[in-house]
Amino acid sequence: WSEGDPKFVSPGGFSFRPRGRILIDGQLASGSRFSDRNISTTGARAARLGFEGTYGSNFFYQFEVDFADAATEVTSAYFGWRKKLSNSVTTELNVGSRLTERGIDGSTGSDQTPFLERNAITIALVPLKGFFGLGFTSKTFGSNWHVAVSVVGEPINSSSASDDSTTIIGRAHWNPIKTSAGVVHLGAWGYHEDYSSSVTNLTVNAREANRYNDNIRIFTGPLGAPNHSNAFGLELGGTHNGLWAFGEYGERHIQFRPSTGLGLVKLKAAAVSAGWVMTGEKAPFAQRGGTFTMMDVANPVFEGGLGAIELVARYENTDFSDAPLGGKGRAWTAGLNWYLNDISRVMLNYIHFKTNNKSGDYVGPDAGNLLGTRFQISF
Amino acid sequence: WSEGDPKFVSPGGFSFRPRGRILIDGQLASGSRFSDRNISTTGARAARLGFEGTYGSNFFYQFEVDFADAATEVTSAYFGWRKKLSNSVTTELNVGSRLTERGIDGSTGSDQTPFLERNAITIALVPLKGFFGLGFTSKTFGSNWHVAVSVVGEPINSSSASDDSTTIIGRAHWNPIKTSAGVVHLGAWGYHEDYSSSVTNLTVNAREANRYNDNIRIFTGPLGAPNHSNAFGLELGGTHNGLWAFGEYGERHIQFRPSTGLGLVKLKAAAVSAGWVMTGEKAPFAQRGGTFTMMDVANPVFEGGLGAIELVARYENTDFSDAPLGGKGRAWTAGLNWYLNDISRVMLNYIHFKTNNKSGDYVGPDAGNLLGTRFQISF
Amino acid sequence: WSEGDPKFVSPGGFSFRPRGRILIDGQLASGSRFSDRNISTTGARAARLGFEGTYGSNFFYQFEVDFADAATEVTSAYFGWRKKLSNSVTTELNVGSRLTERGIDGSTGSDQTPFLERNAITIALVPLKGFFGLGFTSKTFGSNWHVAVSVVGEPINSSSASDDSTTIIGRAHWNPIKTSAGVVHLGAWGYHEDYSSSVTNLTVNAREANRYNDNIRIFTGPLGAPNHSNAFGLELGGTHNGLWAFGEYGERHIQFRPSTGLGLVKLKAAAVSAGWVMTGEKAPFAQRGGTFTMMDVANPVFEGGLGAIELVARYENTDFSDAPLGGKGRAWTAGLNWYLNDISRVMLNYIHFKTNNKSGDYVGPDAGNLLGTRFQISF
């Protein structure tokens, strides 16, 4: 029970562990010249039930359903084989629906991101399939590197009346330096999407730096039927004891069908973020897969301690201006994360945003502020 | 396992308990002069999956999703701190989605109400947010009183495109007499709602004394855009060994916007109910929070006993006649509850209803009868 | 834990067991003269969370929610009493929602069918209520026979604004020969449906031999308001060690209202299937209730074995030609099932299909091929 939640193991080697995730958000906006943007909202960023486990030493499975955002979505639903190839190299093969890797933030679970919402690269360059997809995933981990490749169709809850769009998506990282104090992280990712003929319109309306204000978005404007897209991204950064800093950059090149007269449209995004754990713990970054992870809290609140406290900051940039009516946006976020113990935290984010849309209800330069908070338990 | 279901506790003080609730209903109606009201229906009043637990001695959490009524709804999703202020006083603070307190019936879980459906005060005076809402709740319990206050936005599954409506809702009770045989209960509650500008119409169609006949309702008729509402209610009654009796009264005053020409509209409801546990158990009423609770069955059926048997009766009245086209209704219910053990019961209700609507499909005086039954397990 | 998954039992005799089911499918179609039929799709045939358990020696309950196919559906939600009438005879009474028995395939859980999809009798002759329905079920089991009768209304997630349609559905089987090597199985089933007046149109669009291609269907064409229907079916076959073979035939006679000018319309379906377990296990058939069941794997993959391997084949026929614009179809399936252990398997089906529709988007003779696969865990 080191993870702080129950895990049941049978004599035959079958293990079962319930999974739960509750992320409760509240958010205020102000300062926009559009009154519809200055709203206060609440919501559940995640509300999940599920289970996971292993069978024998090589087989594992996970299942999770999310009930947040007025929709029911099967997120994880996969099983896999894991095999040790050598002392330092492990490989696994999954089948089913699993979070596909794409950038540091995009490969991190929603309960482990250092900010309320993932960065602009993750949000603005998301493939049509979304974060999940049904198919095969292969992951191989060495002592200071990993490679993940997924070939997936549409999410579980998609139509059976037309061809699935298919996506090949991969990511790799390497730590040229890895010491007990920290790592230098270099990473890259990319994907290729082939759209089903049933995809007759592709528009991106990316929320900026938040989840609970539908009106603070950056729009590509109406486009048309796409043929395929290619995307790539780069990751550079590292950790040193309680400090971490990462920069990410990415582009998605969407090839539209000749009939649209659009040709190739390039969406671009960048983000730089940093954090400092003030209470002495290591930065909550999992070197093995190159993702953020939950804090290993030294003095949990429930044992009389202070918990762990982390200060974070981010700048991010979204650029859809290559599209005829594409907008732009930038956001600056300062955040405070209080980890009560290994499975719960409270978050506070202050966000200053700028958007400059050429289409939609909020055209022209605008700026404003968001104050967001989250209460979270996840196991 | 005194509660009759599994609870898992880790050495580190983390506990996890699965929650489940299945309420299966069947219902027949007859005697109405409208044939569409004389229908037989079946349904699940509740079909829930979830979990709850504690972390250390002060922190607790609960999560539950309901799949009944052709809709998926996150009901409970909260965490809280609990603190003993003195030998007799305990306070707690919750954040998330939780049943907000409003009257005896309205503060009681759907698996613990003595009748198939909660009373007219609960149903007819429900705030726009419904039974649940996302926000903060504070509860403080003394030896013979409690006070609960919630400040909540909209439910989890609401829109992120507009301001949340907000509701402040509170309830308190006091037991001037409290002995080992029973209590005298005095209670009061109230709420204030501020409607979001996105609420452009408010109509109340309250089902009367049942859940599974959509056509037996009392209508306010079409109203318009509301500005805010204030509601209050009073509770008076008590228990003596196996006997209980309570009266409740409440009003909701809705202030409409000037453009509607409506001004203030007052909705009113009242209910009187009583019960007798024939098999010797105490009345299933939790003095601490002033709500009904599950029976503590002396001789469970699964140990060869008879279970517990309770006779119940209720009169209730709904009065929407202050609205220009508002209706009225009254209902008389007699019921038999058979508690097989602490977690399961069978219910039978006979209901005589009267409605007098001025709008909708069932205008004018009408009366009829309902026979409803429920099979229930809940843990 | 003999079933390979955790089960928790309290000192008081309450048991609780989590249930999970993940069936991940992928499918390719080719060869049809309609390009919309030659599509590749993926999906989750089942994605379920739930629990089951017992209270004392006579009471049991089960609850399961399915999140597959972009819909949330409460499937099982029932409780029951079980009583031993003699050494060889056990009877049980359930209330709630449970799979109603109808043919061998139709009485088998979706995780235990030997082919990716149930046979034509199950699919083409399904009552309006579907596979589940809310009501009462009585089952009685002898040493070589069983009888099941259900009286049910509509599924849990149906309307409360109109009368429920009601269905009486029953099934029985007898084993004239039953030895340690196998059984001869004779079975029969039938149902009677009374439609609610709210059912103003009844059309059957039966998918042929697969689940994930919405375009490969057999259509009755537009009909009209039905009054009631009667259906029956016959089952004949048996098992001998690792071999099994069954034939099924069924008809559904739908009586339409006079206003439709249709009179009685007869839908017909037949199927013959056989299987061979190559690795020495007994055929995965539960004699007690006359259904397929999960394999009892002798050498699980997770203990270094090969698992169990089964070859299966099926021919099936659907005949809606008694309807004015009713179609016909036939399908031949060859399949390979690899059972890794008692709770997981991988399936591969090759299907050759023929359809001849008189209505819908795919009129006239057509044929094609399907390749389908499934990865499954179920406990």
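The values are calculated or read from the model by the stated rules, or taken from the named source; none is laboratory data. Note that the structure is predicted; figures quoted are calculated from it, not measured. Ideal geometry is used to build each Cβ from the backbone, glycine not excepted, and the neighbour counts take in all protein chains shown.
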Pair list, Cβ under 8 Å, 6 or more apart: the stretch A:142-153 residue without any contact (Cβ under 8 Å) to a residue 40 or more places away in the chain, other residue assigned to a loop (DSSP other than H, G, I, E, B) and crowded, with 20+ Cβ neighbours inside 10 Å: A:153/A:129; A:153/A:133; A:153/A:164; A:153/A:165
Residue check, residue A:132 among the aromatic types (Phe, Trp, Tyr) and assigned to a strand (DSSP E or B): no
Any hit, the stretch B:243-251, residues being within 14 Å of chain C (Cβ to nearest Cβ) and surrounded by fewer than 23 Cβ atoms within 10 Å (Cβ to Cβ): no
Qualifying residues in the stretch B:15-73 (those that are among the hydroxyl-bearing types (Ser, Thr, Tyr) and not in a strand (DSSP E or B)) - the one nearest to the other protein chains (Cβ to nearest Cβ): B:72
Checklist (1) touching a Gly at 6+ places or on another chain (Cβ under 8 Å); (2) outside any strand (DSSP E or B); (3) not charged (D, E, K, R) applied to residue A:305, failing item: (1)
Search result, residues across the stretch B:211-226 that are surrounded by fewer than 16 Cβ atoms within 10 Å (Cβ to Cβ) and within 14 Å of chain C (Cβ to nearest Cβ): none
Any chance residue A:249 is under 20 Å from residue A:188 (Cβ atoms), in contact (Cβ under 8 Å) with a residue 60 or more places away in the chain and not aliphatic (A, V, I, L, M): yes
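Under 22 Å from residue B:245 (Cβ atoms) and touching a residue at least 40 places away in the same chain (Cβ under 8 Å) - does that describe any residue in the stretch B:321-332?
Within the stretch B:321-332, one or more residues are under 22 Å from residue B:245 (Cβ atoms) and touching a residue at least 40 places away in the same chain (Cβ under 8 Å).
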Among the residues listed as A:143, A:197, A:180, the single one being out of contact with any strand residue (DSSP E or B) (no Cβ under 9 Å at 6 or more places or on another chain) and over 30 Å from residue C:28 (Cβ atoms): A:180
Any chance residue A:239 is touching a strand residue (DSSP E or B) at 6+ places or on another chain (Cβ under 8 Å) and without any contact (Cβ under 8 Å) to a residue 60 or more places away in the chain: yes
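When you go through C:357, C:337 one by one, which is the residue that is buried (at least 17 other Cβ atoms within 10 Å of the Cβ) and either charged (D, E, K, R) or closer than 17 Å to residue A:79 by Cβ (or both)?
C:337
Does the stretch B:292-299 contain at least one residue that is hydroxyl-bearing (Ser, Thr, Tyr) and closer than 28 Å to residue C:83 by Cβ? Give the steps one after another, and end with the answer.
Step one: of the stretch B:292-299, the residues hydroxyl-bearing (Ser, Thr, Tyr) are B:293.
Checking the rest, the ones that are also closer than 28 Å to residue C:83 by Cβ come to none.
Within the stretch B:292-299 (the criterion being hydroxyl-bearing (Ser, Thr, Tyr) and closer than 28 Å to residue C:83 by Cβ), the answer is no, since none of the residues qualifies.
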Yes/no for residue A:171 being over 14 Å from residue A:289 (Cβ atoms) and within 16 Å of the chain's Cα centre (by Cα): no
Checklist (1) buried (at least 18 other Cβ atoms within 10 Å of the Cβ); (2) part of a strand (DSSP E or B); (3) not basic (Lys, Arg) applied to residue A:81, failing item: (1)
Flag for residue C:288 being surrounded by fewer than 17 Cβ atoms within 10 Å (Cβ to Cβ) and of a type in the set (Lys, Arg): yes
Residues of the stretch A:73-113 that turn out to be over 22 Å from residue A:191 (Cβ atoms), in contact (Cβ under 8 Å) with a residue 24 or more places away in the chain and among the hydroxyl-bearing types (Ser, Thr, Tyr), as a count: 2
All positions within the stretch A:334-359 that are within 29 Å of residue A:202 (Cα to Cα) and part of a strand (DSSP E or B): A:351, A:352, A:353, A:354, A:355, A:356, A:357
Residues of the stretch C:207-236 that turn out to be modelled with pLDDT of 95 or more, under 30 Å from residue C:277 (Cβ atoms) and in contact with a Gly (Cβ under 6 Å, 6 or more places away or on another chain), as a count: 3
Filtered residue count, the stretch A:141-159, keeping only those that are more than 9 Å from every other protein chain (Cβ to nearest Cβ), in a strand (DSSP E or B) and surrounded by 17 or more Cβ atoms within 10 Å (Cβ to Cβ): 5
Qualifying residue in the stretch C:214-222 (condition: among the hydroxyl-bearing types (Ser, Thr, Tyr), closer than 30 Å to residue A:163 by Cβ and over 20 Å from the mean Cα position of the chain (by Cα)): yes
Test result for residue A:210, in a strand (DSSP E or B) and of a type in the set (S, T, N, Q): no
Unique match (being surrounded by 22 or more Cβ atoms within 10 Å (Cβ to Cβ), under 21 Å from residue B:332 (Cβ atoms), touching a Phe, Trp or Tyr at 6+ places or on another chain (Cβ under 8 Å) and of a type in the set (A, V, I, L, M)) among B:269, B:274: B:269
In the stretch A:183-210, residue nearest to residue C:36 (Cα to Cα) [restricted to those that are surrounded by fewer than 23 Cβ atoms within 10 Å (Cβ to Cβ) and among the charged types (D, E, K, R)]: A:194
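What do you reckon, is residue C:138 over 30 Å from residue B:29 (Cβ atoms), polar (S, T, N, Q), out of contact with any helix residue (DSSP H, G or I) (no Cβ under 7 Å at 6 or more places or on another chain) and surrounded by fewer than 21 Cβ atoms within 10 Å (Cβ to Cβ)?
When the stated conditions are applied, residue C:138 does not pass them.
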Count - residues of the stretch C:114-135 that are buried (at least 22 other Cβ atoms within 10 Å of the Cβ) and at pLDDT 95 or above: 12
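Run down A:162, A:180, A:229 and say which single residue is outside any strand (DSSP E or B), surrounded by 16 or more Cβ atoms within 10 Å (Cβ to Cβ) and not aromatic (Phe, Trp, Tyr). Walk me through how you get there before you give the answer.
Numbers: A:180 fails: surrounded by 16 or more Cβ atoms within 10 Å (Cβ to Cβ); A:229 fails: outside any strand (DSSP E or B).
Exactly one residue qualifies, and that residue is A:162.
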Index of the failed condition, residue B:321 passing every other in (1) part of a loop (DSSP other than H, G, I, E, B); (2) in contact with a His (Cβ under 7 Å, 6 or more places away or on another chain): (2)
